[in-house]
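Readers should treat all values here as calculations from the given coordinates under stated rules, not as data from a laboratory. No experiment lies behind these values; they were computed from the predicted model shown. Here the Cβ positions follow ideal geometry from the backbone for every residue, glycine too, while neighbour counts run over all protein chains shown.
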Amino acid sequence: MIGVDHLRLGWAFARSLASYELGGSARPFSATFSVTNRCNLRCRYCNTPFLDPHHLNLDEIAVLFRKLKRLGVVRLGLAGGEPLVREDLGDIVALAKAQGFWISLNSNLNLYRRAEALFDDVSLVFTSLDGTAGHHRESRGDKSLHGTLDAIRSLRARRIPVVAICVVDTHNLDDTDYLLALAIELDIRIHFQPRCSDTEIVRGAYADDIDNATLRAFWHGLRERRAAGARIASTTLYLDHLGAWADFRQAAIAAPRTRCAAGVGFFYIDPQGNAFPCAYTKGKVPAINLLRDDWRGPRTGAAPCTDCAVGPMVEFNTLFRHPLRAVVDAAGSYATVRR
């Protein structure tokens with residue numbers, strides 16, 4: 001079933017794709033806005049709680065959202081840090097809804113019960129499940145599962161789609177069966193993404209002695225499981241891409257004859273209103289503050305990379321590199337109709 005929101009998303013993406021293919025000006029159909037760097041957890045791979053704790057107020061966010069709409073953005077991802085630590089998150093969601101955005105929200109859901117009502121205006125919820133309970137807590141802290149599973153059950157009872165993100169590291173490579181069984185139980189899908197490194201928003205990295213062949217085999221195995229009907233949100237194009245990645249210690253590279261759509265088809269805004277082609281490039285390229293200036297896309301030669309193994313950016317780039325296959329591939333995964 002295709003909803004009106006998906007038709008709007010499709011039209012916005014088509015305009016972005018045309019601009020990307022023709023080398024035109026930036027017309028991003030998607031923006032990710034981190035509403036705060038603050039977080040109630042201290043995940044071992046995330047650096048955002050240690051960054052600038054200041055964030056835009058509601059009046060400034062209203063200005064930002066009007067600019068995004070004029071730019072052509074339809075899909076808006078709200079992220080953090082942990083968005084629910086902001087007591088005014090419901091007001092932020094209402095501002096986004098007033099602009100007509102298709103809204104996704106990335107949350108650990110620990111604070112879900114104090115803000116249940118705002119999820120009525122959210123089209124898709126991302127949360128985190130990093131493997132078995134023990135491995136999840138190893139990655140994200142002792143209290144990191146507090147209320148998460150109950151919140152997922154509540155959201156699904158309300159027919160709100162949920163995708164759980166598993167950050168793949170060497171300690172949870174054998175947790176696939178557990179997570180996919182849990183996905184059936186909870187009626188959700190799982191997105192797997194590699195641990196990232198070498199950028200301002202993350203900390204830590206894979207060990208120097210990681211076995212890249214083992215990691216590639218892991219992604220090939222997920223590809224086979226998805227083809228067999230497993231509840232894996234990650235697209236086959238994405239899994240193929242990671243199954244061919246040379247060295248997972250290097251999250252991004254400047255690959256010859258490879259283009260990236262970051263900044264043209266999608267972009268990232270930090271809690272202070274600073275825009276970057278993608279979250280990975282924060283701290284690597286000059287920021288454009290959207291309260292003062294307009295987004296005109298990545299500056300020529302500014303981005304240090306053209307290809308990556310950074311989960312969300314790989315999925316977005318498959319849309320622009322293989323649009324027909326990627327759109328079909330993603331149907332029923334991320335672009336789920338509420339029912």
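Gaussian network model of the chain, Cα springs within a sub-10 Å range: biggest mean-square fluctuation belongs to which of GLY147, GLY229, GLY221? Of GLY147, GLY229, GLY221, the most mobile in the Gaussian network model is GLY229. The number of Lys pairs in the range 4-330 with C-alpha atoms less than 25 Å apart, excluding pairs fewer than 8 positions apart on the same chain, is 5. Over the chain, all Cα pairs binned in 20 Å intervals from 0 give whole-percent P(r) values of 32, 63, 4, listed from short to long. Pick from TRP295, TRP102, TRP11: which residue has the top mean-square fluctuation in a GNM of the chain where Cα pairs under 10 Å get a spring? Highest fluctuation of the listed residues: TRP11.
Here the range 57-86 and the range 100-155 have alpha carbon centers that stand 19 Å from each other. No disulfide-compatible partner, judged by a Cβ distance under 4.7 Å, exists for the following cysteines of the chain: CYS39, CYS166, CYS196, CYS260, CYS278, CYS305, CYS308.
In a reduced charge model with +1 at each Lys and Arg Cβ and -1 at each Asp and Glu Cβ, the chain shows a dipole moment near 960 debye about its Cα centre.
Note on ASP307, ASP150: ascending count of other Cβ atoms within 10 Å places them as ASP150, ASP307, the fewest first. When the chain is treated as a GNM with alpha-carbon contacts under 10 Å, the residue of ASP294, ASP130, ASP169 showing the greatest mean-square fluctuation is ASP294. Sequence-ordered 3J(HN,Hα) estimates for the range 142-158 from the Karplus curve with 6.51, -1.76 and 1.60 and θ = phi - 60° stand at 4, 9, 6, 9, 4, x, 5, 5, 5, 5, 4, 4, 5, 4, 5, 5, 8 Hz, glycine and proline given as x.
Only beta bridges with both residues in the chain are counted; by DSSP, about 20 percent of them are antiparallel.
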